[in-house]
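Trainee: Input: one structure, supplied below.
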Amino acid sequence: MAGASLLALFDDIASVLDDVASMTNMAAKKTAGVLGDDLALNAEQVSGVRASRELPVVWAVAIGSFKNKLILVPLALALSAFAPGLIMPLLMLGGAYLCFEGFEKLAHSYLHTAAQDKTEHDDLVQALAHEEVDMVVFEKDKIKGAIRTDFVLSGEIIIITLGTVAGAAFSRQVAVLSAIAVIMTVGVYGLVGLIVKLDDIGLYLKTKTGSAALRGLRHSVGDALLAFAPKLMKALTVIGTVAMFMVGGGILTHGIPVVHHFIENCTAAAASVAGVGVLLAALTPSLMNAISGVIAGAIVLAGVTLLLRIYGVFKTKTAAG
């Protein structure tokens, strides 16, 4: 009897694990788009760091990402149970922040003087020239910015996952959310680490000795990686900014029913175009979300800039008085 009970327990555990694996796989598919945006944004965030500091910076951001998820998973479960109405407003706040960050990048040349840019550039050059400078300290603003961005994207991943397992038992929700949090973090920052070290891998292959035939192949691969790495990083800079608008704009448009339905109608109309309907239907939501993100980013940046100026005037008057 005890043996039968033990076998039944094992069968129940196997069934639960199978369900968790199935739901985790489904959630991973639904969050794949956000994962791509997360990868592009974080690879772009850690660009421009001295080669010897690249992996430590990636590691610091990855640790921050794990901490984000240690906050977000229990928070999402608590909100789902006690205050589900707060989930969408919080997501939209995060979406507005992403749009703001993206538009600030576009408007950088107009918001910063040439003297400010030169000062920032000179500080970076000076830090890179001195090996004794602690680049984790020097790059703390970049790391904090990457972790803030990760918090928003991780929040969206967790909420999408929560929606996927909303009808499951609480224990299975916890298991799937935890699995997604670990898989996404390890996957994103593992790939980010690989991307930022592509040039070093290429240099290693070029300097590796061996037989003539293998040496020629390694040198060719090394040359290709050295040529590809900077182009990839430049591309990720652009992709990362576009991703901010697409993800942030997508969150905002999904939270505004009128806009969401308008995009759906536009997508349906695009799908009816002969010959290219399928392609247009696939591109239309992303394009309209990106446009919405640019508009929202401009509005938020204008509001933040105005508030900062008002605060500056108030602070000056207070100090003078």
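Trainee: Looking at the stretch 299-321, can you tell me whether even one residue there is part of a loop (DSSP other than H, G, I, E, B), surrounded by fewer than 16 Cβ atoms within 10 Å (Cβ to Cβ) and either over 26 Å from the mean Cα position of the chain (by Cα) or among the charged types (D, E, K, R) (or both)?
Mentor: yes
Trainee: Here's a follow-up. Which residue, of Ala175, Ala168, Ala229, Ala179, is outside any helix (DSSP H, G or I), surrounded by 13 or more Cβ atoms within 10 Å (Cβ to Cβ), touching a residue at least 12 places away in the same chain (Cβ under 8 Å) and not acidic (Asp, Glu)?
Mentor: Values: Ala175 fails: outside any helix (DSSP H, G or I); Ala229 fails: outside any helix (DSSP H, G or I); Ala179 fails: outside any helix (DSSP H, G or I).
The match here is Ala168.
Trainee: Would you pick out the residues in the stretch 242-283 that are assigned to a helix (DSSP H, G or I), within 17 Å of Leu91 (Cα to Cα) and out of contact with any helix residue (DSSP H, G or I) (no Cβ under 6 Å at 6 or more places or on another chain)?
Mentor: Pro257
Trainee: Out of Pro74, Pro56, Pro89, I need the residue that is over 20 Å from Ile180 (Cα atoms) and modelled with pLDDT of 80 or more. Which one?
Mentor: Pro89
The values are calculated or read from the model by the stated rules, or taken from the named source; none is laboratory data. Keep in mind it's a predicted model, so treat the numbers as computed, not measured. So basically every Cβ, Gly included, is an ideal-geometry build from the backbone, and we count neighbours across all protein chains shown.
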